[in-house]
Amino acid sequence: MSESTNESGSDAVAADTPAAKTIGDTLLDVKDLRGGYGPIQVLHGLDFHVAEGEVVVILGANGAGKTTTLRALSGKVDSSGSVTFLDQEMIDKKTADIVRLGVAHVPQGRGTLPELSVEDNLHVGAYVRKDKEVNADIERWYDVYPVLKERRHQRAGSLSGGEQQMLAVARALMSRPKLLLLDEPSLGLAPLIVQDLFQRFRRINEETGTTMLVVEQNAQLALSIADRGYVLESGTISIQGNAHELMNNDAIRKAYLGV
Ligand code: ATP
């Protein structure tokens, strides 16, 4: 992957990034998804889909159910309805099987292993793989996140918040997922760091074709890299559209873009 500098001074998006990318068939198809925590129902029948190669964002206020949605897709909360991934029903599958099928989840709070080195965290991310290209992939993600290479022997717990988020994403990518679930990657990070982080998501999507489903409160930023999006309100989808439509939607502008 080549690094280059664009007009804004960021090196995150290579100048030779393809202008148009390929969007394929539906990869994830969610129908009437319901779920929650014991007697507390949080998701009240969600319908959405993600096509191969897309970056899709789910926007929503605090407590709307964004995290619960991703946790349901990863088999981490009790849920019902239908979640089809690569034509397989996932609703009753265990988390480990879902990872093996190609879904990687970067949870809120990042979930790296603080006592292990950066590089050991990346090896842990490859635990489902049996091929011999793990070291080559580590170098590939070091190319996208050079600071991780500089800190390869440091404890993950000693990294800054932004670096930990990069490590969490690189670790998830080490499983070579077909679908990457990102839970509020901007949380607690400074605006410039967040901007850089999101530009690199876009670069990874365009250069590797990795499909991404991002839940975010930072609508402006998320829509700037997304192809399509949904708004989640009280456990149901209230608005959907492509990123341009959502950016110009009055309700979204008022509620999430501060216009
Ligand atoms: P945030 O941006 O604050 O993370 P969110 O949109 O991701 O919000 P969720 O974390 O999915 O929302 O929470 C949705 C609802 O589920 C909230 O009312 C929350 O209090 C409740 N909830 C979340 N986790 C649990 C839990 N482990 N047990 C019981 N209720 C929970």
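The values are calculated or read from the model by the stated rules, or taken from the named source; none is laboratory data. Being a predicted model, the structure only gives us computed values, none of them experimental. Methodologically, a virtual Cβ is constructed for each residue, glycine included, from the backbone with ideal geometry; neighbour enumeration extends over all protein chains shown. Remember, those area values only see protein heavy atoms, side chains included, never the ligands or the DNA or RNA. Shrake-Rupley method; radii C 1.70, N 1.55, O 1.52, S 1.80 Å.
When a 1.4 Å probe is rolled over the protein heavy atoms, the share of accessible surface on region 113-176 that falls to carbon and sulfur comes to 51 percent. The length gained on full extension between residue 143 and residue 253, counted as 0.36 nm times the residue separation minus their Cα-Cα distance, comes to 36.0 nm.
Magnitude of the charge dipole for region 113-176, about its Cα centre and with charges confined to Cβ atoms of Lys, Arg (+1) and Asp, Glu (-1), is about 140 debye. Can you give the translational diffusion coefficient of the chain in µm²/s, computed by Stokes-Einstein from the Kirkwood radius over Cα pairs at 37 °C and 0.692 mPa s? Stokes-Einstein gives a translational diffusion coefficient of 176 µm²/s. Of 31/93; 66/178; 21/178; 31/132; 76/149; 66/93, which ones are farther than 26 Å apart at the Cα? Where the Cα-Cα span goes over 26 Å, the pairs concerned are 31/132; 76/149.
Calculated mean residue ellipticity, 222 nm, the chain: -9500 deg cm²/dmol, from DSSP H runs (n ≥ 4) at -39500 (n - 2.57) each, averaged per residue and rounded to 500. How would you classify region 131-231 from its alpha-carbon gyration tensor, with a ≥ b ≥ c the square roots of the eigenvalues: rounded for a/c under 1.5, else prolate if a/b is greater than b/c, otherwise oblate? Oblate, because a/c is 1.5 or more while a/b does not exceed b/c. As a rough guide to protection, the peptides 52-60, 95-103 ranked by mean Cβ packing within 10 Å, highest first, stand as 52-60, 95-103. Per-residue extension of 0.36 nm, minus the Cα-Cα distance of residue 245 and residue 96, leaves a gain of 50.0 nm for this segment. With Cα atoms as the point set, the radius of gyration and Dmax of region 113-176 evaluate to 10.5, 31 Å.
Each Lys and Arg Cβ is given +1 and each Asp and Glu Cβ -1; about its Cα centre, the chain then shows a dipole of about 580 debye.
Charges on Cβ only, +1 for Lys and Arg, -1 for Asp and Glu, centred on the Cα centroid of region 113-176; of 142, 127, 159, which one is farthest towards the dipole's positive end? Checked the options; the winner is 127. Average accessible surface for region 113-176: 48 Å² per residue, computed with a 1.4 Å probe over protein heavy atoms with every protein chain in place.
Near residue 159, once Lys and Arg are set to +1 and Asp and Glu to -1 for all other residues with Cβ below 10 Å from its Cβ, the sum equals +2.
Take each peptide in 38-45, 154-161, 64-71, 142-149, count the other Cβ atoms within 10 Å of every residue, and average; sorted highest first, the result is 64-71, 142-149, 154-161, 38-45. The charge dipole of region 121-216, taken about its Cα centre with unit charges on the Cβ atoms of Lys, Arg (+1), Asp and Glu (-1) only, comes to about 360 debye. Full extension of the chain segment joining residue 129 with residue 61 gains 20.8 nm, where the gain is 0.36 nm per residue of separation less the Cα-Cα distance.
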